[in-house]
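Student: Before I ask anything, here is the structure I am working with.
The values are calculated or read from the model by the stated rules, or taken from the named source; none is laboratory data. Since we're looking at a predicted model, the values are computed, not measured. All Cβ positions, even for glycine, are placed from backbone atoms using ideal geometry, and neighbour counts span all protein chains on display.
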Amino acid sequence: MDWLQEDLPGARVLDLFAGTGALGLEALSRGAKAVDFVENGPEALHAVKANRAKLRVLKKTRLFKKEVFLFLKEVEELAYDVAFADPPYTSAAGERLAGLWLTRPFSRILSIEHARERTLPSGGVRRVLDDSAVTFYRTRRTKDRG
């Protein structure tokens, strides 16, 4: 999150494969204007709902119970400032998501957390953490929020 600190104030954020919602909720705590969570797993949906209520951020957030790629079919290009994704490490969802974004960016910045041994499509900046990595993709005009 520190790598994106300057991009978060006032940002419209998308949290894909939201899980507990930790990434989106952290973005709110760092100044994001609003967060949309996308998740379809029953346990994760319950966790996101509970965390949104506990932190009293219902007015700043929306939760979409939908498969991520179906959700993204309906999203306009550059609809979000920052998108976080934490897909299952054992799936190819990270590679698929990066490929989709490179074809039609739905956010100015895309951050994908993935297994350290996975390599995502070129065009991003990769940061290695312990047993995982994060790859960041940015459009050329990340500061212009029109």
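Student: State yes or no: is residue 8 touching a Gly at 6+ places or on another chain (Cβ under 7 Å) and under 24 Å from residue 135 (Cβ atoms)? Give the steps one after another, and end with the answer.
Tutor: Values: touching a Gly at 6+ places or on another chain (Cβ under 7 Å): yes; under 24 Å from residue 135 (Cβ atoms): yes.
Against the criterion (touching a Gly at 6+ places or on another chain (Cβ under 7 Å) and under 24 Å from residue 135 (Cβ atoms)), residue 8 qualifies.
Student: Just the residues that are in a helix (DSSP H, G or I) and either surrounded by 24 or more Cβ atoms within 10 Å (Cβ to Cβ) or of a type in the set (Asp, Glu) (or both), please, taken from segment 26-37. Don't jump to the end; show me each part of the working.
Tutor: Going residue by residue through segment 26-37, those that are in a helix (DSSP H, G or I) are 26-29.
Result: 26, 27.
Student: Of all residues in segment 1-25, which are among the acidic types (Asp, Glu), loosely packed, with under 14 Cβ neighbours inside 10 Å and closer than 25 Å to residue 76 by Cβ? Steps first, answer last, please.
Tutor: The initial filter retains those residues of segment 1-25 that are among the acidic types (Asp, Glu), namely 2, 6-7, 15.
Next, from what is left, pick out any that are loosely packed, with under 14 Cβ neighbours inside 10 Å: 2, 6.
Answer for segment 1-25, where residues must be among the acidic types (Asp, Glu), loosely packed, with under 14 Cβ neighbours inside 10 Å and closer than 25 Å to residue 76 by Cβ: just 6.
Student: Taking the stated definitions as given, is residue 138 out of contact with any helix residue (DSSP H, G or I) (no Cβ under 8 Å at 6 or more places or on another chain), farther than 20 Å from residue 69 by Cβ and surrounded by 15 or more Cβ atoms within 10 Å (Cβ to Cβ)?
Tutor: Details: out of contact with any helix residue (DSSP H, G or I) (no Cβ under 8 Å at 6 or more places or on another chain): yes; farther than 20 Å from residue 69 by Cβ: yes; surrounded by 15 or more Cβ atoms within 10 Å (Cβ to Cβ): yes.
In short, yes.
Student: With respect to the numbered conditions (1) under 18 Å from residue 111 (Cα atoms); (2) modelled with pLDDT of 95 or more, which one is the sole condition not fulfilled by residue 57?
Tutor: Condition (1) is where residue 57 drops out.
Student: Let me ask you something else. Consider only pairs whose beta carbons are under 7 Å apart and that are at least six residues apart or on different chains; among these, list those whose first residue lies in segment 83-110 and is surrounded by fewer than 15 Cβ atoms within 10 Å (Cβ to Cβ) and whose second residue is of a type outside the set (Phe, Trp, Tyr) and part of a loop (DSSP other than H, G, I, E, B).
Tutor: Listed pairs, sorted by first residue: 99/121; 104/77.
Student: Also, I was wondering about something else. Can you name the residue in segment 85-112 that is outside any strand (DSSP E or B) and of a type in the set (A, V, I, L, M, F, W, C) and is also nearest to residue 14 (Cα to Cα) among such residues?
Tutor: To start, the set of residues in segment 85-112 that are outside any strand (DSSP E or B) comprises 86-106.
Then keep just the ones that are of a type in the set (A, V, I, L, M, F, W, C); that gives 92-93, 97-98, 100-102, 106.
Working: 92: 20, 93: 16, 97: 13, 98: 14, 100: 15, 101: 13, 102: 16, 106: 9 Å.
For segment 85-112, the residue satisfying everything is 106.
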